[in-house]
Amino acid sequence: MTTLKNRLDAYEQMLRLHQPTGALLLLWPTLSALWLATGGRPPLSLVIVFVMGTLLMRSAACVLNDWLHRDSNDNDDAEPLKQGVIAPWEALALAAVLTLIAFCFVWFTTKLAIGMAAAALALALALAFLQLFSKCFFSLPQALLGIVFLFGIPIAFAAANSTVPWVVWGLMGVHVFWVGACDIGKAMANRDRDSERGRCTSALILGRYDVLAAAACYGLYLAGMIGAGLWWRLGIVYWIALALAAACVACGLWFVRHREASRCFAVFRHNHGIVMLVFIGVAADYALRLQAWPVPGS
């Protein structure tokens with residue numbers, strides 16, 4: 001007999017409220033972009049829009065992923081659907097409601113931001129369904145879904161300024177390497193399980209070059225963020241934060257050098273701390289500059 005508590009626990013599992021890492025990996029780059037787009041003075045309304053939009057869309061994506069894999073053994077989080085605690089139609093309805101609420105937030109921004117958000121959603125849905133047929137010949141479906149969420153970066157500029165300069169697409173491109181590094185790290189943690197299930201993941205494709213590939217992705221991301229700091233003329237606080245992020249990257253790579261699953265998973269769970277440090281650097285740098293040079297008339 002399914003009790004109310006069982007159903008609530010099942011919904012919590014489907015929404016991944018117990019796994020905030022995925023949401024934070026997506027949130028910090030978006031907030032960094034919002035701070036850059038507004039010169040360190042983002043309206044509270046836009047902060048709420050992008051925080052809630054990111055959290056809601058991440059949960060919606062997780063629910064849809066569970067629905068897509070409800071008949072397979074590839075997703076342990078889909079157990080509530082497999083066991084019948086949650087009906088398939090309920091999962092689809094939940095994903096739709098979460099998406100609708102997220103779009104209600106974006107609706108109060110700009111036409112360009114709304115259009116870009118709609119395009120990103122369409123691409124995300126296409127890639128999500130592609131996963132059903134790609135497990136044996138396509139190695140990075142989860143990474144591509146992560147890249148879709150990086151559209152939060154140009155959407156932040158579209159919402160703040162109604163325009164997206166070319167350099168912003170470069171900033172998004174830099175974060176693609178970040179997503180690649182995270183995907184490799186998660187695949188390393190799940191290597192044995194994915195191998196048994198016949199899945200083709202980045203770690204299995206790369207073999208003994210997985211750590212080297214992750215290091216290359218991290219390096220390209222950090223190099224890109226050096227370029228971003230120079231372009232937006234960020235100050236010493238940002239560079240200190242970026243140096244700390246680089247140190248965390250180096251420690252993480254050293255920690256997973258023997259490819260122990262538990263260590264790889266621990267590093268993946270704390271990956272969001274790297275982009276969090278970058279965001280703190282951006283936000284703190286602007287805050288100190290605005291405090292030192294008050295806005296005229298304030």
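Taking other residues whose beta carbon is less than 14 angstrom from the beta carbon of Arg7, and scoring Lys, Arg as +1 and Asp, Glu as -1, yields -3. Taking a ≥ b ≥ c as the square roots of the eigenvalues of the Cα gyration tensor, an a/c ratio of 1.5 or more together with a/b no larger than b/c marks the range 137-269 as oblate.
When shorter helices are ignored and each DSSP H run of at least 4 residues is given -39500 (n - 2.57), the per-residue value for the chain at 222 nm works out to -25000 deg cm²/dmol. What fraction of the Cα pairs in the chain, stated in percent, has a spacing above 36 angstrom? The calculated P(r) of the chain puts 18 percent of pairs beyond 36 Å. Which one, Leu171, Leu26, Leu130, has the greatest fluctuation when you compute a Gaussian network model over the chain with C-alpha springs under 10 angstrom? Result for the chain, Cα springs under 10 Å: Leu130 fluctuates most. Scanning the chain for DSSP H helices at least 15 Å long along the axis (C-alpha atoms) with a Kyte-Doolittle mean no lower than 0.5 picks out 21-37, 44-68, 88-106, 111-134, 166-189, 210-231, 236-255, 272-292.
For Ile86, nonlocal amide neighbours, meaning residues 5 or more places apart or on other chains whose placed amide H falls under 5 Å from its own, are Leu81. For the chain, the carbon plus sulfur part of the accessible surface works out to 70%, probe radius 1.4 Å. Projecting label points 7 angstrom from Cα along Cα→Cβ for Glu196 and Trp89 puts them 3.6 nm apart. Reported to the nearest whole Å, the Cα centre-to-centre distance from the range 232-274 to the range 1-74 is 22.
Net charge dipole, the chain: roughly 420 debye, given to the nearest 20, about the Cα centre with Cβ charges of +1 for Lys and Arg and -1 for Asp and Glu. Rolling a 1.4 Å probe across the protein heavy atoms gives the chain an accessible surface of 49 Å² per residue. Within the range 247-282, the trypsin sites (Lys or Arg not before Pro) that combine a DSSP coil assignment with at most 14 other C-beta atoms in a 10 angstrom radius are Arg257, Arg259. Under the rule of at least 5 residues apart or a separate chain, name every residue whose amide H is placed under 5 Å from the amide H of Asn271. Distant-sequence amide H within range of Asn271: zero hits.
The values are calculated or read from the model by the stated rules, or taken from the named source; none is laboratory data. In this text the structure is predicted, and so the values were computed from the model without any measurement. Every residue, glycine among them, receives a Cβ derived from its backbone with ideal geometry; neighbour counts consider all protein chains shown. Note: accessible area is taken over every heavy atom of the protein model, side chains too, but ligands, DNA and RNA are not part of it. Shrake-Rupley method; radii C 1.70, N 1.55, O 1.52, S 1.80 Å.
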